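First comes the structure, then the notes that go with it.
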Amino acid sequence: MANVTIRLDNNDKIEFARICEKIGLSVSTAFNVFVKTVIKEEKIPFELSAKEPDDFYNEANIRHLEELKRLDDEGKLKFTKHDLIEV
């Protein structure tokens, strides 16, 4: 075994440890899971981007929109008037 030392903001360390505990992992185990995943997949296991996320195009919303499209294609989607929507 080898020891690795990392520097974290103290508040980040506290919050990370709190979340790990909630999940049932130690901080060390969480980092080991990260390292093993990087080794297995030969990549960082999440997307790194400087772009601000667009909440509308998240995965859950895309699935919902695809389901609405499927229902519309099958003629099963009905639209109704609503006071808040201008036609």
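The values are calculated or read from the model by the stated rules, or taken from the named source; none is laboratory data. Keep in mind the model is a prediction, meaning the values are calculated, not measured. Cβ placement follows ideal geometry from the backbone for every residue including glycine, while neighbour counts extend to all protein chains displayed. Ligands, DNA and RNA are excluded from the accessible area calculation, which covers all protein heavy atoms including side chains. Shrake-Rupley method; radii C 1.70, N 1.55, O 1.52, S 1.80 Å.
Structure values in brief
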quantity	calculated
Length released on extending from residue 68 to residue 22, taking residue separation times 0.36 nm less the Cα-Cα span	13.0 nm
Whole-number accessible area per residue in Å² for the chain, which is evaluated in the context of all protein chains at 1.4 Å	103 Å²
Whole-angstrom gap from the range 1-19 to the range 24-87, using each part's C-alpha centre	28 Å
Spin-label model distance (nm) - residue 29 vs residue 60, 7 Å beyond Cα toward Cβ	2.6 nm
10 Å-binned pair-distance histogram of the chain (Cα, whole percent)	12, 22, 28, 14, 16, 7, 1
Sulfur and carbon atoms: percent of accessible area, the chain [1.4 Å]	55 percent
Filtered chymotrypsin sites (Phe, Trp or Tyr not before Pro), the chain: DSSP coil and at most 13 other beta carbons within 10 Å	46, 79
CD proxy at 222 nm, helix term only [per DSSP H run n ≥ 4: -39500 (n - 2.57); per residue of the chain; nearest 500]	-16500 deg cm²/dmol
Cleavage-rule hits (GluC sites (Glu not before Pro)) in the range 8-87: DSSP loop, at most 11 neighbouring Cβ within 10 angstrom	42, 47, 74, 86
Calculated FRET efficiency for the pair residue 77/residue 47, C-beta based, R₀ 35 Å, to 0.05	0.65
DSSP loop trypsin sites (Lys or Arg not before Pro) with at most 14 other Cβ within 10 Å: longest gap in the chain	8-42
